[in-house]
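Notes for the one structure printed next.
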Amino acid sequence: MNRKILTLLLIPLLADVSAQVSITDPQESIYKNLLLHDIGLNLDRKFKDLDSTILTLDLRTGILDKAITEAKDVSAEATRLRERLLYIEQKQSALEDAETAIYQANYQSAIINLVSMEREIKPLTLFQSTRDFGSALASAANPMEYPGYRQWYSKFYEYVEKQKAKEPILGVLSHMLTLTGDITKTFTFSGPVTEPLFSGINSFIQSLGGSKKELREESQKMFLITASLAQWNHEKELIEKEWLTITTELELLQKQYEQVLAANMNMIGLNQSAFNQKFCKENDAHKRFSYLSDLKETCADFVVSEKTKSPKQWKEKIYFQMMDIQTLKVRFGTITSQMRANIERYHTIIIRYKTDPYIGSRIATLEPKLREMTDTFDRSFEPADYLASATRMYRVQ
């Protein structure tokens, strides 16, 4: 899986991906759930048969116990004891069969969930709407996009350049503005530049006499726009920092996924290139379903084979892999929950700033694109479902 794809996903304001978006096949989830349901039904049938067998053996053992206590003939008693021992051995065999069946079902469930994550970790449907929202967000944060600001800024910048030798703070501001490059194209007022910028604008306003009343009033308005945008950018950047954290976590998740997948592929003797060709790169949902169906049977056969080869240690290796897969799914659910919460933080600041008299109208235009991104995310991910299903992945006897 390409790590770059994951990095792009988790830095939505910097993403510039292709407009070709892969829409998740709705059959994907249906087929996966169908297989998991089939695994559960098959286990229930086995349990029902084994429970019936064990109940019958218990009844027969009970009858024999009574017959043994009442036996008066040593030979008859010995025969019944041998018969009772046979029933106990058959019951033990049935209990072992039940244990095998539950390991088969649980490992089948684990592997189906594991390979399905290959498509869950690459939610390309989020990219297009993320790019649109990121572009709109950057535009709303740029003061040069606000009516009259670019023209006013050229006058302010001219003042800064003329006065920078006389006022130290203006010299600092001039230097910092120079470092940003061509600020008339794109510039967001936040970070270290904010304080000298505010001081510079205040100095500019104070320098305007009564003959420049119109420019003074315009400058006061632009000052308020600048102040509002500075605070908006500060809160927006806090959200973006969280995206960086989530990106790192998702990259680590990807590495863990690849390691767990490779370990299980190697353990059950599957060819990685065949898996990539027949499942990862296969566009036909029916063929992917057929591959998973065969994989399900391979897992069941593997459990039986391991039990035969290592009667005393066969469970350990399978158990640890199942735990690794469950941990992987829980971690994925946790990360997607963090992603959803961070998207919600955009909603929070938009609601608060859209009523601002100076930048509110531009901030309000972000709502439709954010709603689109949120809807796309909610269709692609189900964090609560991931977490809930992860804790219920396995059956207990």
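We did not get these values from a lab; they are worked out from the coordinates using the rules stated. Being a predicted model, the structure only gives us computed values, none of them experimental. Positions of Cβ are generated from backbone atoms using ideal geometry, with glycine treated the same way; all protein chains shown enter the neighbour counts.
The base-10 log of I(q)/I(0) for region 142-230, evaluated at q = 0.14 Å⁻¹, reads -0.44 [Debye formula, identical scatterers on Cα atoms, solvent excluded].
Distance from the alpha carbon centroid of region 230-269 to that of region 69-111 works out to 49 angstrom.
Between the residues Thr194, Pro147, Leu208, the greatest Cα displacement towards the positive end of the dipole of region 142-230, with unit charges on the Cβ of Lys, Arg, Asp and Glu, is found for Leu208.
Note on Lys312: lysines with a C-alpha under 28 Å away, same-chain residues under 8 apart excluded, are Lys46, Lys48, Lys91, Lys296. Distance between the 7 Å Cα→Cβ label points at Gln90 and Arg45: 2.3 nm. For the chain, the relative contact order works out to 25 percent when only alpha carbon pairs closer than 8 Å and six or more residues apart are counted. With Cα atoms defining each centre, region 30-56 and region 344-377 are spaced 49 Å apart in the structure.
Straight-line cross-link reach from Lys221 at under 18 Å between alpha-carbon atoms covers these lysines, not counting any fewer than eight positions away in the same chain: Lys155, Lys212, Lys213, Lys354. The length gained on full extension between Ala78 and Glu258, counted as 0.36 nm times the residue separation minus their Cα-Cα distance, comes to 58.9 nm. All other residues whose Cβ lies under 9 angstrom from that of Ala105 are scored, Lys and Arg at +1 and Asp and Glu at -1, for a net of +2. Please report the net charge: other residues with Cβ closer than 13 Å to the Cβ of Lys329, K and R +1, D and E -1. Here the charged neighbours net out to -2.
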